[in-house]
Amino acid sequence: MKAEFATIENTVDLLTYIAEEISLNFDQWESRYARGPSLYFLVVSRVRVDSFVDQLGTNRWPVETARRLPDDFTPAVQAAEEVAFDCDGAIIVAADGTFQEQMVRVRSSAAETTAEIQYADWMSAKQMSALEASVRDGVLAAVTLSEETGRVTRFKNGSYNGYQSEAIGGRWRVETPETVSVSAPEGGT
């Protein structure tokens with residue numbers, strides 16, 4: 001069962017704004033040879049998620065720079081810029097906006113959990129992982145920034161809203177986002 005938290009939408013919005021800010025500040029999305037920034041935030045209802053994640057080496061979120069949203073929003077953008085170019089893996093964020101230091105690799109879900117998920121052809125491994133993770137117990141949402149295109153995508157309960165880099169940052173997203181909603185499989189969450 002997925003719990004609802006009063007702060008979850010605010011936390012997901014702030015993480016989305018961070019990803020959008022970094023996407024907008026990178027001006028080489030059209031360059032075939034440039035490697036763009038990449039982010040994967042995983043918002044969880046409880047910090048203990050070791051049943052489906054593994055530590056990812058020395059990749060870490062700089063908690064000394066930004067520990068918690070919304071208090072540390074500007075420092076969080078600075079920390080995310082650092083992480084987006086230098087680290088790989090998911091950044092665990094508690095429902096209250098507290099960042100966990102250790103970055104992680106999210107293990108694939110069981111086939112029965114992901115049977116009803118619809119992947120888009122533009123999704124890379126990071127986006128597919130975030131979509132799969134979004135149907136797990138204890139995962140409230142995920143936000144990604146694609147290093148290939150600058151697309152910022154929000155995932156929740158097996159659905160996603162994606163914004164191409166040219167469509168973000170406008171007056172409240174004038175463009176209509178690509179949205180896909182899929183019912184979670186029986187027993188999946």
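The values are calculated or read from the model by the stated rules, or taken from the named source; none is laboratory data. The shown structure was predicted, so the numbers you read here are calculated from the model rather than taken from an experiment. Every residue, glycine among them, receives a Cβ derived from its backbone with ideal geometry; neighbour counts consider all protein chains shown.
Counting only residues that are free of Cβ contacts under 8 Å to residues at least 40 places away in the same chain, assigned to a strand (DSSP E or B) and acidic (D, E), the stretch 42-72 holds 0 of them.
Number of residues in the stretch 22-41 that are in contact with a helix residue (DSSP H, G or I) (Cβ under 6 Å, 6 or more places away or on another chain) and either of a type in the set (A, V, I, L, M, F, W, C) or assigned to a strand (DSSP E or B) (or both) equals 5.
Would you confirm whether or not the stretch 94-103 contains a residue that is in contact (Cβ under 8 Å) with a residue 60 or more places away in the chain and not in a loop (DSSP other than H, G, I, E, B)? Scanning the stretch 94-103, I find no residue that is in contact (Cβ under 8 Å) with a residue 60 or more places away in the chain and not in a loop (DSSP other than H, G, I, E, B), so the answer is no. The residue pairs whose first member lies in the stretch 5-27 and is at pLDDT below 90, whose second member is in a helix (DSSP H, G or I), and whose beta carbons are closer than 9 Å, counting only pairs six or more residues apart or on different chains, are F5/T11. Screening E175 against (1) at pLDDT 70 or above; (2) under 24 Å from E30 (Cα atoms) leaves a single unmet condition, (1).
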